[in-house]
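Okay, so here's the structure we're looking at.
No lab work stands behind these numbers, since they all come straight from the coordinates. All values derive from a computational prediction rather than experimental measurement. Cβ coordinates were reconstructed from backbone atoms using ideal geometry, including for glycine residues, and neighbour counts include every protein chain displayed.
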Ligand SMILES: [Zn+2]
């Protein structure tokens, strides 16, 4: 038996070597610099060899040529002198099926736009996002468009359309009575922006969403349904644990929208992977997040964008309450040592402008190194692709972008993306 295994192993090794030499197309990228996001360092004079969709070697041409035949006909060499390569960016909180609220309100999109229109918009959103250097998205809720996000993800995987890697949350789950659209005549049955479920019925709904193909389970821990329309917790602590348990059986993680302190605490103690928004979180609650290894997506951009739609002129007017709360939340999270992710809640503002979140997180107090890690390594963890994307390393998938200048010194260098590669394919 051992003999056969060793023969098979030898055959596999031979096939692998044959592939690296004579098989699919290899690409050698020759940039001036590579960003090591883990160390926060710029590395000079290294080339990257890509075979199919993976990085198979990094080093000087001499080093790489020792183990790889660089003279092959099917080797494409790309001279990228003057450019800096870094891992493709990740936005861990998007809504690919929404478009900016200053074009059409959320209610208008959910209630009046056809599924076909929303999907058509989604296709253009995905392309704009990829061209902006974002090679992965965690899309957190179709907002009334059913499971159209699953269809888009599958179309991307089949190469029918172009866009970032996508993991999706489907319809998302809310407690009965909490979510919108609201304020319509009660005799009408209104399409909700998410699926309502409570108590033991959550078991069925979580399983149903998983069965329909969601990659993550998105839950609203609170929503604006207090007596004055203010945010208040929705699911009880027990309901939350039930959701997380049922999702965990299938190997899936839960992500919680939570703006209230109590909503955050219930979600953290139940074992969610990340908290979205966290606007009213206290220092103690952020410390609890740190203790339970829960990742924080502050979604700064959406807060600022909506304040601006409501008339706030940034830099001229005093900060509105929402923006002040967000500053406080980010400051507390930093103090508590919580891990930040880059999740912008794009959709309510323009797809392709995702970079705004990185710049704002930095403005709100994150170092550039932490900001870049949030948009690469931490994002990879939330995509459940840690060790596969989020860094420029041998064995990783070839999701790479290139810019002029040094992103570790100036995030504005990411304004102009010169090159985009996803899964070994060059898109820009
Ligand atoms: Zn969102």
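Observations on the model:
- FRET efficiency for residue 394 and residue 158, using Cβ-Cβ distance with R0 set to 30 Å, rounded to 0.05: 0.60
- Highest-first arrangement of 389-400, 156-167, where packing means the average Cβ count within 10 Å: 389-400, 156-167
- Calculated [222 nm] ellipticity per residue, helices only, for the chain: -11000 deg cm²/dmol; basis is -39500 (n - 2.57) per DSSP H run with n ≥ 4, divided by all residues, nearest 500.
- Hydrodynamic radius by Kirkwood, which averages 1/r over all alpha carbon pairs of region 185-274, in angstrom: 13.7 Å
- Ranked by the mean number of other Cβ atoms within 10 Å per residue, highest first, peptides 252-258, 328-334 order as 252-258, 328-334.
- Were the residues from residue 81 through residue 310 laid out at 0.36 nm apart, the gain over their Cα-Cα distance would be 77.9 nm.
- Length gained when the stretch residue 282-residue 425 is fully extended (0.36 nm per residue, less Cα-Cα span): 47.1 nm
- Taking label positions 7 Å along the Cα-Cβ direction at both residue 176 and residue 105, the computed distance is 2.7 nm, reported to one decimal.
- Calculated log₁₀ intensity ratio I(q)/I(0) where the Debye formula runs over C-alpha points of region 89-382, q = 0.08, 0.09, 0.14, 0.15 Å⁻¹: -0.30, -0.39, -1.02, -1.20
- Using 0.36 nm per residue and subtracting the Cα-Cα separation, the extra length available between residue 70 and residue 188 on full extension is 35.8 nm.
- Model label points for residue 249 and residue 204, set 7 angstrom from Cα along the Cα-to-Cβ axis, are 1.4 nm apart.
- Summary of packing: across the peptides 316-322, 273-279, the per-residue average of other C-beta atoms within 10 Å ranks them, highest first, as 273-279, 316-322.
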